[in-house]
Every structure is written in C-alpha cells, then in structure tokens.
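Below is one structure, written out as structure tokens, with a few remarks after it.
The values are calculated or read from the model by the stated rules, or taken from the named source; none is laboratory data. Quick caveat, the model's predicted, so the values are computed rather than measured. Heads up: the accessible areas ignore ligands, DNA and RNA and are worked out on the full protein's heavy atoms, side chains in. Shrake-Rupley method; radii C 1.70, N 1.55, O 1.52, S 1.80 Å.
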Amino acid sequence: MPDEADRFTAMYDDCRQRVWAYVVSRAGRQVADEVVSETFTVAWRRFGDVPEPPLPWLLGVARNVLRDSIRAEVRRESMAAELGSWADVAESDIAEDVSERHALLRALATLPEDDREVLILAAWQGLAPADAARVVGCSPVAMRVRLHRARKRLVQAVEEVPPPQQVPARVRITAGGEA
C-alpha cells in the first residue's frame, strides 16, 4: 500500500494547483478549496480507476463535484424560499382568505360548464394549455383562447357576485326582557 500512497501523493502534488485553478475559474476562490478537497477524496477512494494521465479525469471529477455543490445550494435556497412563503401565508388573516375563496367559488359556480372545465384544468389541475387541449379535444391555440375568455368571465363574475348576506348578531334576552 505504501506504493499507492506514494503514487497518490505524486498525483496530488502534480495536479492539485491545476485542479484548483480550474475550479477558481468556474466558481471563485470561496469554494475552490472545498471542491478540490472533495475531488481528491474521490480520487483516493477510486484510485484504481484513475487513468494516466490523471488530470483530465480529475478535472471531470472536479466539474461533477462543483455541479453537485451548485445543485445543493439551489435546493437549499429553494427550500428557504418555500419555507419563507409558508411563513407569509401563516401570517395572513385566515378569515380574509376564506372569504376570498368563498367569493371565487361562488363566482365560478355562475360560469358555464365549459368555462369551469378549462379553468379547473389550468388552475387546479395545473395543466399547460397544450395538455388541457388534449383533455378537452381541441387545439392548443383554441384552448388558450377559451382559457383567456373564461378568465375574463370569471373576473367579471367575481365583481358581480353579491357579498354573502350579513348574519345578524344574536340578540341576548335578559331576565328583564331587554336586549
């Protein structure tokens, strides 16, 4: 095993600076040391797979490590943004959200069935117009037109639907007969 350790050390000494320079050119100095370290860790674990000359293989490993690092950072940022959006929703007034949803559902109920169908396919089912067109049996262009018109009618219906009737507060009757 000392022979492998010596060969690895020689490869490390010969290639480390060039791998580091490659990573710096792609991602900057802040991440270069970590990526180079991970690259040579992979090289040590897979030392039997390292071809001659090792530099192209090492640069490929560094590229993959860097790509994985970037993906992990994107996932962390995405998760942080998602959690932040949940916090914003949690701070909103639930009664207002329920009231808006109720008004929207009431307006949706007043629309013709064809309008409801395209709105539900696009908004609630999350289908792209081309996919919704396949469901309904029309062209994607026709679906976009139908969706546009249905949205306009929904906005109009939301504005026209009267607000829910106010329920009068219960009147408490006291022993003396007064409220």
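Quick notes on this structure:
- ³J(HN,Hα), Karplus 6.51/-1.76/1.60, whole Hz, each residue of the range 125-140, x for Gly, Pro: 8, x, 7, 5, x, 5, 6, 5, 4, 5, 5, 7, x, 9, 7, x
- The listed residues Phe8, Phe40, once ranked by accessible area (1.4 Å probe) with the largest placed first, stand as Phe8, Phe40.
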